[in-house]
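Asks: Shown below is the structure under consideration.
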Amino acid sequence: MAVQGAEQAREVRRAVVTGGAGFLGSHLCEQLLERGVEVVCLDNFLTGSPENVQHLMEHPGFRLVRCDITDYVHVPGPVDLVLHFASPASPLDYLKMPIETLKVGSLGTLHALGLAKEKGARFLLASTSEVYGDPLQHPQREDYWGNVNPVGPRGVYDEAKRFSEALTTAYRTSEGTDTAIVRIFNTYGPRMRADDGRAIPAFVGQALSGRPLTVAGDGSQTRSICYVDDTVRGILALAFSTETGPMNIGNPDELSMLALARWIVELTGSDSEIGFIDLPVDDPKVRRPDTTLATEALGWTPTVTSEVGLRRTVEWFTTQREAALAQVG
């Protein structure tokens, strides 16, 4: 389990993943098991689903526990690593569940950090590029403090993550807890929810069903998309290292939302047209990570091109759609 380009923090035999039945969490559980690590997956299924980890249920090293970490968290036995990934992560979800989002970023983080402190475990916080807000620096480096509207609609997610970063740092500096912070940029791939409101699943779903693709604003706003395999590899490289972060993990391959929509129409072979809707309030105009730190400290760079990643994602959504239609028929 050595990490190329980084000193390994400790041997990890058993890990706890909060939000482990979510899109990203389920991939983390899978990869940890492949590395020989026992996994305790905690989830309340607010946005995650047992289906995401169904294929892991027979694995002797996997345990799924339904719980809400904003209430209480207790895990019997030794724990070497706590990965805190519980949180609504798409605008559709956190705008619909603002209080739950703020609670899991504050109380949930507090409880997860308390677990790590109790067990003497390393703690990894899943933060986000959204802490940079609508950035005035481009690309975004880890030393940039961001441009966030705390009372805007997106503030419930942005500020929850900013608070969780501050709390994680406080536990490291005042309690001596071994912590790290990863700032994750737009990740996509299999197991995304088709209805989660994020651009890629929305565009793919619309294209496959022949509906117009709804691009916000004029489509000139940019995102940098990173395939889930690369994101998970970067997260685990940080988790198994001695680095503290914050550290950007994302793909610097930046593209506009209009270009992304046109690309997905092409990849799906769809006849869908492209339509335009109002730009959401405080929607970031640009997003691209500076990943110099991850490359230098961890030896990590993304390896899956956007074309390959999008093709895999379209294939997965196509298979899911065909299976759902077969059940109905």
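Only the coordinates and a few stated rules stand behind these numbers; no lab work does. Just so it is clear, the structure is predicted and the values come from calculations on it, not from any experiment. Here Cβ is always computed from backbone atoms with ideal geometry, including for glycine, and neighbour counts include all displayed protein chains.
Asks: How many percent of DSSP beta bridges within the chain run antiparallel, rounded to 5?
Replies: 10 percent
Asks: Taking the Cα atoms of the range 27-185 alone, what are Rg (to one decimal) and Dmax (as a whole number) in Å?
Replies: 16.0, 48
Asks: Efficiency by 1/(1 + (r/R0)^6): what FRET value for LYS285 and GLU58, r their Cβ-Cβ distance, R0 = 51 Å, to the nearest 0.05? Intermediate results must be reported in sequence, preceding the final value.
Replies: On the way: r = 46 Å, r/R0 = 0.91.
Result of the calculation: an efficiency of 0.65.
Asks: Something else: Using all C-alpha to C-alpha distances in the range 207-287, build P(r) with 5 Å bins and read off the rounded percent in each one.
Replies: In whole percents, the pair-distance histogram is 3, 13, 17, 16, 17, 13, 9, 6, 4, 1.
Asks: Compute and list, largest first, the equivalent-ellipsoid semi-axes of the range 114-156 from the alpha carbon gyration tensor, each √(5λ) rounded to a whole angstrom.
Replies: Details: eigenvalues 159, 43, 9 Å².
Each semi-axis is √(5λ); the values are 28, 15, 7 Å.
Asks: Related question: For a protection proxy built on the mean count of beta-carbon atoms within 10 angstrom, sort 215-226, 121-132 highest first, please.
Replies: On the way: 215-226: 19.2, 121-132: 24.9.
Top of the packing list down: 121-132, 215-226.
Asks: Show me, bin by bin at 10 Å from 0, the whole-percent P(r) of the range 135-283 based on Cα pairs.
Replies: Distribution as computed: 10, 32, 35, 18, 6, 1 percent.
Asks: Amide H of ALA216: which non-local residues (sequence gap of 5 or more, or other chain) have their own amide H closer than 5 Å, using H built in the peptide plane?
Replies: Close amide H contacts, sequence-distant or interchain: ILE277.
Asks: So what are the range 1-99's ellipsoid semi-axes, whole angstrom, largest first, if each one is the square root of 5 times an eigenvalue of the alpha-carbon gyration tensor? Walk me through the intermediate numbers first.
Replies: Working: eigenvalues 113, 47, 38 Å².
Working from the Cα gyration tensor, I get semi-axes of 24, 15, 14 Å.
Asks: Using the alpha-carbon atoms, what tilt in degrees (0 to 90, nearest 10) does helix 199-208 show relative to the longest principal axis of the chain?
Replies: Once rounded, the angle reads 40 degrees.
Asks: Can you tell me which of 255-266, 49-60 comes out highest on packing, and rank the rest after it, using the mean Cβ neighbours within 10 Å?
Replies: Descending packing order for the listed peptides: 255-266, 49-60.
Asks: Compute the distance from the alpha-carbon center of the range 144-216 to that of the range 94-110, in whole Å.
Replies: 12 Å
Asks: Compute the long axis of helix 306-328 from its Cα atoms, compare it with the longest principal axis of the Cα atoms of the chain, and write down the angle in degrees, 0 to 90, nearest 10.
Replies: It is inclined by approximately 80 degrees.
Asks: Any of LYS103/LYS285; LYS117/LYS161; LYS161/LYS285 with alpha carbons more than 23 Å apart? Name them for me.
Replies: Pairs exceeding 23 Å: LYS103/LYS285.
Asks: In a solvent-free Debye calculation with one equal scatterer on each Cα, what is log10 I(q)/I(0) for the chain at q = 0.10, 0.12 Å⁻¹, listed in the order of the q values?
Replies: -0.55, -0.81
Asks: Using the per-residue mean of other Cβ atoms lying within 10 Å as a proxy for protection, in what order, highest first, do the peptides 177-190, 139-152, 157-170 fall?
Replies: Output ranking for 177-190, 139-152, 157-170: 177-190, 157-170, 139-152.
Asks: Output ³J(HN,Hα) for the range 144-161: one whole-Hz value per residue in order, computed from phi by the Karplus curve 6.51 cos²θ - 1.76 cosθ + 1.60 with θ = phi - 60°, and x for Gly and Pro.
Replies: Running phi through 6.51 cos²θ - 1.76 cosθ + 1.60 with θ = phi - 60° gives 7, 7, x, 9, 10, 8, x, 10, x, x, 7, x, 4, 8, 4, 6, 4, 6 Hz.
Asks: Using only DSSP helix segments of four residues or longer, with each worth -39500 (n - 2.57), what per-residue ellipticity at 222 nm results for the chain after dividing by its residue count and rounding to 500? All intermediate terms of the calculation are to be shown ahead of the outcome.
Replies: Details: 10 runs with 120 residues, N = 329.
So the helix-based figure for the chain works out to -11500 deg cm²/dmol.
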